[in-house]
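The values are calculated or read from the model by the stated rules, or taken from the named source; none is laboratory data. Just so it is clear, the model here is predicted, and its values are computed rather than measured. Note that we place each Cβ from the backbone using ideal geometry, even for glycine, and neighbour counts take in every protein chain shown. The accessibility values were calculated without ligands, DNA or RNA, using every heavy atom of the protein model including side chains. Shrake-Rupley method; radii C 1.70, N 1.55, O 1.52, S 1.80 Å.
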Amino acid sequence: MLPALAFFAFTVLVPSVQGGWFAFTDWDGISPVKHFVGLDQFRKLLDDTAARDAVVTTLLAAVAITIVQNTIGLLLALGVNSRIKSRNVLRVFFFAPAVITPVVTAYLWKYLYAPDGALNSLLGAVGLDGWKQDWLGDPDLALWSVVAVVIWQFSGYSMVIFLAGLQSIPGEIYEAAAIDGAGPVRRFWYVVRPMLAPAITINLMLSVIGGLKLFDQVWVMTQGGPGGATDTLSTVIYKQAFQFNQYAYSTAIAVILTVFVIVISSVQYRYLSRQERNSA
């Protein structure tokens, strides 16, 4: 136990505490000199329009990913939990994107989204030329194009968790509900949904935290552009630290992001846990 705790402290606790301390200094990440500046870096964040816009973008992306990804994942789980013959093949097919690294899928979709890429070519081939877009170059579309890729990749991941919950429900309960005259919708709402509460909690927690930390897909596909339209808190942290040498300021934003994740996930967990207890 002691070696494990020492390793955890060396690799997680000490760097985290040290990083938090840098948020209260003026260190540029290179110079050996650093001075304590109190809350100046956090006050600077309040005057930084790009950082404030990134907070809004991050929250929008997290909400969209959480709602759409879990809705699709649940529908897929209900579909492949039925008695269709191809259910095993479909499970593998839907889950496959989740095992590919986000960077690889982001490069793939960057190619598909190109103005003369496969997506616009397909729309043109079926006579939908008016639907062609500059998917990653239009500030109004770029964020949602990136969010769509995240949803495409991880809906299968949510599906697997929902599927595990569905398969833990005894078949006798479905049969009893059917004998009592409950239709498919009532069976889902009054029988399946309450028993699926633990899977819903896990999926919502994972997707909210993943949405708040969104970085890889944004950085590969747009690098925060066009004009900062897709900048999330994670990309702003990276730019401030490694492009502008504002290391202390970047750690202040990272502290804010950490607080966001802790507060939102804690409130969500307490609410969902209460729902689970009420459903039991």
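Are there any pairs with C-beta distances below 7 angstrom linking a residue in region 43-58 that is under 13 Å from I253 (Cβ atoms) and at pLDDT below 90 to a residue that is of a type outside the set (S, T, Y) and not in a helix (DSSP H, G or I), with the two at least 6 apart or on different chains, and if so which?
Once the first residue is under 13 Å from I253 (Cβ atoms) and at pLDDT below 90 and sits in region 43-58, its partners that are of a type outside the set (S, T, Y) and not in a helix (DSSP H, G or I) give A50/G228; A50/D231.
Which condition from (1) polar (S, T, N, Q); (2) within 23 Å of Y111 (Cα to Cα); (3) open to solvent by less than 60 Å² (accessible area, probe 1.4 Å) is the one that Q133 breaks?
The single condition Q133 does not satisfy is (3).
What are the pairs, 6+ residues apart or on separate chains, where a residue within region 9-22 that is modelled with pLDDT under 85 has its Cβ under 6 Å from a residue that is not aliphatic (A, V, I, L, M)?
Taking only residues 6 or more apart or on different chains, the pairs are G19/T251.
Give me the pairs: first residue in region 72-98 and without any contact (Cβ under 8 Å) to a residue 40 or more places away in the chain, second residue outside any helix (DSSP H, G or I), beta-carbon distance under 8 Å, and six or more apart or on different chains, which are they?
R87/N81; L90/I84
What is the number of the single condition among (1) aliphatic (A, V, I, L, M); (2) under 25 Å from the mean Cα position of the chain (by Cα); (3) exposed (fewer than 14 other Cβ atoms within 10 Å of the Cβ) that I30 does not meet?
In the conditions (1) aliphatic (A, V, I, L, M); (2) under 25 Å from the mean Cα position of the chain (by Cα); (3) exposed (fewer than 14 other Cβ atoms within 10 Å of the Cβ), I30 misses (2) alone.
Collect the residues in region 21-42 that are over 22 Å from Q243 (Cβ atoms) and assigned to a helix (DSSP H, G or I), keeping them in residue-number order.
Result: W21, single match.
Read through the list (1) free of Cβ contacts under 8 Å to residues at least 60 places away in the same chain; (2) under 18 Å from T66 (Cβ atoms), then give the number of the only condition that L143 fails.
Of everything listed in (1) free of Cβ contacts under 8 Å to residues at least 60 places away in the same chain; (2) under 18 Å from T66 (Cβ atoms), L143 misses just condition (1).
Restricted to region 79-99, and to residues that are open to solvent by 70 Å² or more (accessible area, probe 1.4 Å) and within 24 Å of the chain's Cα centre (by Cα), which residue is nearest to Y157 (Cα to Cα)?
V99
Sort out which residues of region 184-241 are modelled with pLDDT of 85 or more, under 23 Å from L108 (Cα atoms) and small (G, A, S), and write them in order of number.
Within region 184-241, S207, G210, G211, G224, G227, G228, A229, S234 qualify.
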